[in-house]
Structure formats: C-alpha cells, structure tokens
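These notes are about the structure you will find just below.
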Amino acid sequence: ASKDSRYAAVQNFTTEASELQRAITQLKRDLAKLTKQGATHTTKLKALGSDLELLAQDKESLAESLKESETAAKSSTQAVRGTYDDQIREAKRELEEVQQAEVEAKARLDDEHAKRNSAVAERDDLLQQKLDTERNANQVQQALADLSTGRGRGNANDVDANKFAYRGQNINAILQEIQRSARKFNRPPIGPVGMYLSLKEDHWALAIEAALGASFGTFLVHSEHDQQELRRCCQRARVGAPFSYVSSFDRSKLQIPRNSLPPREFQTVASVVKINHPDLSHVIWNYLVDQAGIERTVLLEDERAATVAIFDEQRALPSRKGFTADGFVAEVRGRGTQVYRPVLKDWSRPRIEIDGRDEEQDRIRFESLLAEKRSEIRDLETRIRRCTAREKQSASASKRLEREADELTDKAITLDTQVQQKYEELQDALNDAVTGGGTEDLAAQIAETELQIAEKEKFVQSTEQMLSKLGDEIESHKEQIERKQADVEKLRTENEDMVSNAQFLEEELEKAAQDVEIFRKKIEYAKKQVAKLEKHRDEHKPEYDRELALVEETCCSREELSGAVAAVEGVMDRDTPLELENDDDVALVEKLLAKMKANISSLEKECGSLEELELQYLRCEKDYEHKQKMFVKIKGPWELLRGALGERWQKFEAIKAHLQKCANFSFNYLLGKRGHTGTLKFKEEELKMVVRLNGGKGVRDLKSLSGGERSLATLAFMLSLQSETPFRAADEFDVFQDAVNRKVSLLTLLQFAVEHPGTQMLLLTPQDLSAVDEIKEDVIAKHENYNDKFIKLVRIS
C-alpha cells in the first residue's frame, strides 16, 4: 500500500508538471504574438516619423514660398476647399468611430485576459489543494493498511518500540545497545516511556495520545553519567539520540495533596493511565507529574464541556488545561487567552496498550475519512475541469477579440490613409488653383500642413501608447513564464527526491525483513532458555519459600536490620555501637523513637505532610530556576541601560550648560538695550541674578531697584529663557515703568513676537497704546518678511 501511494504521488507530480508545461507553451505563443504586434507598430511608428519629417520640410518650403510671393495676387480657393472639407470631415468622423471601437475591443480583450489569469490562478490553487488532499488520503490509506496488517497495534504482544520513535529513529537498535552496555550504567535507563503505559478504557485513547504523545519516546536516566552513556550508545548504534530526562531512581513516589487536584467530578490523565513497569513505576510517575502535570490535566467529553471546565473563570480549577475525547486541547494562555485547537491528525491512532480495545471502530473511522478525502478530491477535480474550461473559453474569446482589434487597427490605418489622401488631393487642388490663378494663399497651405503634422503627431502618440502597453503585456507574460518554469523545476526536484526516497525505503525494508528473521530466531532461542530457567526455579521454589518464611517470622532481613541500627546510632551520636541484647540500649532506642514520632506529628501539624513539603520544594525549585533565567536575561539589558544612562547624563549636562550660557547672553543683550548689564548664575536648586545699572555696581537684591527697573529686569529674564512654549502672557507689565523704560520694553516684546512667529504672545496693559503705533513702524522697518497678522491691537473701552 505504501509503494502504491508513492507511485500515485509520483504520477500526481507528473500530471501537474504536464499541466504547467502546457501553460508555459501557451504563454510563449501569446508572447510571440505580442512581440510580432510590437514589431508591426514599431515599423508603423518609424514610417510616421518619416512622414512627419517630410511634412516639416514641406511646411518650411511653403513658408519660404509665402515670403517670396507676398507681393503676388492671391486668388480665392474657397470653392476648392469647400469641396473637400465635407469629405475630410466625414472621413475623420468615421476614423474616430473606428478608433473608439478599437479602444473598446482592447478593453474587452483586457477583461478576457484578466478572466483567463483569474481562472489559471484558481486552477493552480485547486491543484495544490488536490495535491495536499491526495497526500492526506494516502496517509489515511496507509494507516488503514497498517491497521489491517497489525502494524502499530497497541497490545501486550507488540514488542516493536519504534512506534514511539520521533522522525524515524530506530528505538529497537538503541534498546539492544543498552542491553549490551548495561554494566556501563549506574542504573539502566527506562524507555521509551510509552512502552510502560496502558489505558483502562478506549474512550480516552485520542485524548491521552494528544496529552502525552510527545512524552512517549522519552528515556528516563538516573544521573548525568547515565545520560552521557545513553548518548554514546546511540552513537554506537548509529541512531540519533532520543530525548532523555534526568530523574533520580531513588526518589520516592510523589504524593499529590487532595487540595491540589481538580474536583472529583472531573477525570484526569492520571486517573485513566496505568504504569506497568515491574520495578520503577514511581520514576515514570514522577516524570509525568513533573513534566506533563497528569494529576491536574483534566479529560473532557467535547467543546461544550471544555467551555464549562476550562474557560469558566468561576470554577477556578487547579489546572487551566484539558483534552477532549476527540483529541482537542483546551487551555488558557497568558492573560486570559482561550485556545481550543486540534492536536492530532484525523487519521491518528493511539500507540499505547488499551484494555479490551476494539479496532473495528478505527477501521470504520478511517474508511469514512478516506471516503471523505476521495469525495473531496472528486469535487476538486470537477472544479479544476471547470476552471480549465473557463480558461479555454477565455482563450478563445481573447483570440476572437485579438482578431477584431487587429481588423479595427487595420481599418483605422486604412481610414487614416484615406484622410491623408484627401489632404493630398486638397493640396493638389489648391496647387492647381494657385497655378491657375497665378498666386495661392500659401498661408492656408501652411495651416493645412500644420494640421496634417498635428494629426500625425496624435497618431504617433497613440501608437507609442499602444507600444508601451504591448511592452507591459510582454513583461507580464515573461514573468508568468518564469514563475511556471520555477514551479516545473520545483516539481521535478520533489519528484526526483520522492523517487530516491522510495528506492532508499525499499532497501531499508529489505534489510528490516532480514533483521526480523534474525530476531525471530533469537527470540525462539531466548524463549527456550526462559522456559528452562522457569522450570529450574519452580523445582526449587518450595524449599526457598519455606526458608524465607521462617526467617521473616523470626526477624527482618539482615540488610534492613543493619541499616536501621546504623541510622539510630547516627541520630544518638554514640561513640560505642548499640547492642540490641542490652535492655538499657533497647530502652534508649524506644525513648528516642517516641520523641521522634512526637516531633514528626508536631512538624506535620505546623508545616504539612512530607509529600506536601516535597511538592512545595519542587515547585519552589522550578520557580527559582525560572527567576534565575529571568535575572540572567534582564542583567544584560540592565548593564547596557546603566552604561547608556551615564552617556546620556553627560550629554544632558552639556546641553544644560549650553542653555545656561544662551540664557545669560540673551539676558545681558536685552538689558543692554536700556544701557544696563546683567548676569544669570545657575546652581543646582538656586538662581542668582545680578543687574548693573548704566555700568555701575552690580545689584543682587532686586528690591533695591525701582519699579520700572525691576519690571525691565523681570521682562529680560522671562524672554531670555530658552523655552519653546506655544503661549506667553504678561499682565500689566508696564504699570511701574516710566516712558523710556516702557518704550524699550514694548519694542523688545514686539521684536521678540515678530522674530518668533510660532509663539503666541498676549500682552495686557491699562496704559495708553498711542506709543505702540510708532514702535510698530520701527519693528516693520527692521523686519523684511513682516506680516500684518504678526501684531494686532485690541482696545477695550
């Protein structure tokens, strides 16, 4: 069945490549036709260029003749012109109608090309969908064939561990190498995990496959040394190393507190899965609890149950993740993101052992799914045929419209030639009239020649537009051809890869058949040895059981007794060993035991049971590892930010010093307009202002200044600040100023407003504004780009 599916896939690749090749051939034909049309229009364009040159020469000669015959008598040519004007006008009207019909035909041709391209694109999409559906159908058919032959069956007699492999790993080879190298391990690995799991019922098979399928191929190792040895075993077996998880085999089985489990109404993965390892089931249990959270992952019937159990915030389950019976996962991620999606393919089958499994249900489901895929393929083939028919219909309509467009183009050229002939006949008639009358209106001939030149230039322009459009179509066809050829090369490469893979798989199948025969003989030999050893064990078992029972009745085993005595000695911190034959030593041990029991009871009441503490320790350890990773992740950006902060602080200090200098310079400049000087001194949280009146001694306390001087100094300080605020307002700024200071202040403010058009300034004063008009004239005279909107006076009575 697998070989037939591969042949079918190769046939599909061949069919699709043939379709693409036919499309490329058709595109090349269209490209050749467009190229031919472009060459025809180029020839016509060259001929029109020659005609334009001749007309220009005729125009120059007529202009010269007009200058030479200005003194000659001019006879009337209206009769001749009237005879031909109607004919020329009718020919032009017919030419315009033909050109309009040609434009409409080309527009319809473009529509048909668009329809054809749409049909081709839709057919390509449908072909890809058909190919994907056929691949899925082949996979379903392969799964059905495996079900019929018994491959991948989850039962106790299935010893093939490769069904738990990831991407074709040979797990059986790894297990054989582990057996040969068992002495090199501290404790032989356990794996794959899926071999030691089974289900109690068939109903949750797909849910368990979705929840734990990624963990089935995992190997559990006792230590880092065993993990390295497992990798060396894989290298010797020439197999890629499977995923391995380090977990101490001496660690006791985790006990899950009742308050950490979902409500009893919900089944969990842990409640339906059985662990069948003969000695180390607790190791597998600890791994599934740590990595898969099987004690909290709930099992749900359908999407409705998932909505109630997982997405309902009122229930507050310990786990926010569950799996449905049909293989969907329902979980809440991040800050409340609800996810409900399929995990398995439609044809997936459970790989672990299931008690009382009925494979007839899988057979019915696969057959129904295969019928659906085949029906979908038939529907896609029908749609592909319809698209092909639409493409052919559009191609036929395009050819018909191309013929119509070519006929209209030829007709337009013929009519244009007729118009030119009419013009030539008119020119000949005018020449005859000029000859007969002695002198003709050469200016009219020049006008006619200019009209001919305009008509030719118009036709040249339309021809150039047509050539440009044809060039675009040619480039489009070339791009389509390149894409189709790339698709053909891609399909050819995939086909060659599939053929090579098929040959490789056939060789591997032959080797596997030989290995199966060898293993079958080894298994028969091993069964004989096992039967022989079991017979020997059964013969001596009654005697061994009698002796063992006698020892157990009298005392415990020697190892347990020695271990217990050593433990008690360590707790009592004795220099001399205990002697159990001594009654005093026995009394001391009993007293110590009672005290330890009391301490244990007290600690359990205070801190909880040992299982709860161990679970809390594991969670805290995971949380610590997570926080450690977050610290390492954040430390690097933090160090970069700390370094960048120092550089930015230095730039800030430099900018601050520059702004302080600018403010000090501006403050001194504004005071200098009144003959004063001043400085600003900035400190961390303090500003010092020094004003020198008329070059005198510096004044640090502004209260010692007059009202006008203080207002002027305050105004200079306000304007010297380097602040790009959109609005500035000053109320009654000149109340305490005399006439001179007031004039200087107004001039300074108005000049500042004009020089900063992006800042809106509002100045309120109860004083008379008659002096502002004079100051305004001075500002206008000093400012070249002055606008009347810069300064507006509003008087409120």
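Each value in this text was obtained by applying a stated rule to the coordinates, not by laboratory testing. In this text the structure is predicted, and so the values were computed from the model without any measurement. Here the Cβ is made from the backbone with ideal geometry for all residues, glycine too, and neighbour counts use every protein chain on show.
Remarks
- Note on Ala56/Glu104: beta-carbon distance plugged into 1/(1 + (r/R0)^6) with R0 of 25 Å gives a FRET efficiency of 0.15.
- Efficiency of FRET from Cβ geometry, Leu793 and Ala739, R₀ 22 Å, rounded to 0.05: 0.75
- For the peptides 642-648, 775-781, the ranking by mean Cβ contacts within 10 Å, running from highest to lowest, is 775-781, 642-648.
- Under-5 Å amide H pairs with Ser244, H placed in peptide plane, nonlocal only: Phe219
- For the range 116-133, 3J(HN,Hα) per residue [Karplus equation, 6.51 cos²θ - 1.76 cosθ + 1.60, θ = phi - 60°, Hz, x = Gly/Pro]: 5, 4, 4, 5, 5, 5, 5, 5, 5, 4, 5, 5, 5, 4, 5, 4, 4, 5
- Rounded if a/c under 1.5, otherwise prolate or oblate - the range 603-672, Cα gyration tensor axes: prolate
- Euclidean distance between Cα centres, the range 234-297 to the range 708-768, Å: 82 Å
- In the structure shown, the pairs Lys28/Lys106; Lys163/Lys200; Lys28/Lys456; Lys253/Lys597; Lys36/Lys106 are assessed against 24 Å; a Cα-Cα span above that value is assigned to Lys28/Lys456.
- Taken along the Cα-to-beta-carbon direction at a fixed 7 Å, the label points for Ile453 and Glu489 span 5.3 nm.
- Label point distance in nm, Ser704-Glu508, each placed 7 Å from Cα along Cα→Cβ: 10.0 nm
- Here the gap between Thr414 and Ile780, fully extended at 0.36 nm per residue and compared with their Cα-Cα distance, gives a gain of 124.6 nm.
- Under 5 Å from the amide H of Thr268 lie the amide H atoms of Leu299, each residue being 5 or more positions distant or on a separate chain, with H modelled from the backbone and absent for Pro and chain starts.
- Distance between the modelled labels on Tyr624 and Lys274, one decimal in nanometres: 3.9 nm (7 Å Cα→Cβ projection).
- Under 5 Å from the amide H of Gly327 lie the amide H atoms of Ala207, each residue being 5 or more positions distant or on a separate chain, with H modelled from the backbone and absent for Pro and chain starts.
- As a rough guide to protection, the peptides 763-772, 195-204 ranked by mean Cβ packing within 10 Å, highest first, stand as 195-204, 763-772.
- Added length on full extension, which subtracts the Cα-Cα distance from 0.36 nm per residue, Thr337 to Glu90: 81.4 nm
- Straightening the chain between Lys522 and Gln760 buys 75.7 nm, computed as 0.36 nm per residue apart minus the Cα-Cα spacing.
- Sites Lys253 and Trp638, calculated FRET efficiency, Cβ-Cβ separation with R0 35 Å, nearest 0.05: 0.25
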